[in-house]
Structure formats: structure tokens, C-alpha cells
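This report refers to the structure that appears directly beneath it.
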């Protein structure tokens, strides 16, 4: 049963977005707990646990060596999704890496541009860049959840390819589809507001486009926090 494996809140949220009965790829599997949980819970029928480093992959292999996982997983030493069976995998989890690595992994796997595939992303940094990358590359965010954990606030993003590319609006880029009425959602806004305020105050040249962007985003976040700015403007939607 899945209660044998204890996951962090963000990995549990990621597991919740994986479709039941999937063939999943756990990219950067680290200790292998997410892979084991997906199998225990029935979220995945088979898991490819991958990592670019030998040591964590060995830990995952040790955890998955139990008889109850026999024939239901494969540990693969690889960079991202390289060498994995594109025709078999349905759901891909990429957790714990920055926006640049996340984007690189997706870009290097063109087979993800398939409406039948699902991405579950837990970026460690610059969530807004990941959302922008998805929008500009034809992926639609179908679900998102803010998760507060160990004095940090993360987001878990579920996305699928739709083939429609575009520039995201302010809310879509910076807050995605997070439910701002939850405790974690409110904490996400607080942290983002603090970050953008620091960015704006740190730019000396008020004519700098980065300063103007920071101020605009900060104002929009404040409106959203007050419940007065729930939609992107037509200008934002571009």
C-alpha cells in the first residue's frame, strides 16, 4: 500500500496529478520514493526511474528491489528522458530542478508534443519562466497547486500539449492556475510579492524595463491578493 512510503507535500501533490494506470517516467528520481509511491498507489502500472547520477539511482534501485515491485519498474542512468521509450510513457514527472533544466529536458524530448502525454512539473526556481515556456511551446496548464514546505513555497504544474502557442498574460505567467483562496495559495502570493518588491527596489534606473515589469507585476499581485484583479487584461494577453 502507498502508506508504506512517506512523501514530502510537494511530491505527494505531484503524484496526485499523475493519471491512474499510467506508465510514468520519474525524471531525477533521487531516492526513488515517488516511483515507489506511484506503483503502490496504483497511479502507475510501470515506472521508469531515471537519474543522471549513479549514487541516487542506486538508492532508488535498492528501494524498488522489493518483490512487490518486480517487473513493474526500470532504473535508467540517463540525462533527462534520453533513451526512454517514447511510445510507451504516458506521464512524465520532472521535480526538483530549476527552470532551465526543466525546459531543456522538455525541449530534448519532442515526443512530448502529443496530446496523450502529461507533464507534471515541480520547478525548484523561477516558476514564471516555466509557465511562459509552456505557453510559448504549445502546452496548456490543466492544473496547478501551491505547496508550502520547509519555509519555501513551490508550485506543482500539470500540463498537456495542445498545439496552441502564445504569450501568457500577467496572471497566467506569474500565478498560473493556483487557487489563491487556499492557505498555500495566499502564502505563494506573499512570497512572490516580497520577491518582486525586492527586485523593484534593487533597480536604480526607473526607466529600466526590468523595473517597470517588476512594478507592474507587484501591482497586479496586490490586486489579486485583494480580490480585485482576477483576470488578465486584453493588453496582457497580447
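The values are calculated or read from the model by the stated rules, or taken from the named source; none is laboratory data. None of these values were measured; they are calculated from a predicted model. As a convention, Cβ positions derive from the backbone with ideal geometry for all residues, glycine included, and neighbour counts pool all protein chains shown.
Structure values in brief
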read-out: Tally of residues being modelled with pLDDT under 90 and out of contact with any helix residue (DSSP H, G or I) (no Cβ under 9 Å at 6 or more places or on another chain) across the stretch 161-183; value: 1
read-out: Test result for residue 187, touching a residue at least 24 places away in the same chain (Cβ under 8 Å), assigned to a strand (DSSP E or B) and in contact with a strand residue (DSSP E or B) (Cβ under 6 Å, 6 or more places away or on another chain); value: no
read-out: Qualifying residue in the stretch 139-154 (condition: at pLDDT below 95, under 14 Å from residue 99 (Cα atoms) and assigned by TED's automatic domain parsing to the domain that holds residue 85); value: yes
read-out: Residue match in the stretch 86-108 (condition: free of Cβ contacts under 8 Å to residues at least 40 places away in the same chain, more than 21 Å from the chain's Cα centre (by Cα) and over 20 Å from residue 15 (Cβ atoms)); value: yes
read-out: Single condition residue 89 does not satisfy, out of (1) touching a strand residue (DSSP E or B) at 6+ places or on another chain (Cβ under 8 Å); (2) surrounded by fewer than 21 Cβ atoms within 10 Å (Cβ to Cβ); (3) under 20 Å from residue 47 (Cα atoms); value: (2)
read-out: Count of the stretch 92-113 residues which are part of a loop (DSSP other than H, G, I, E, B), in contact with a strand residue (DSSP E or B) (Cβ under 9 Å, 6 or more places away or on another chain) and modelled with pLDDT of 95 or more; value: 2
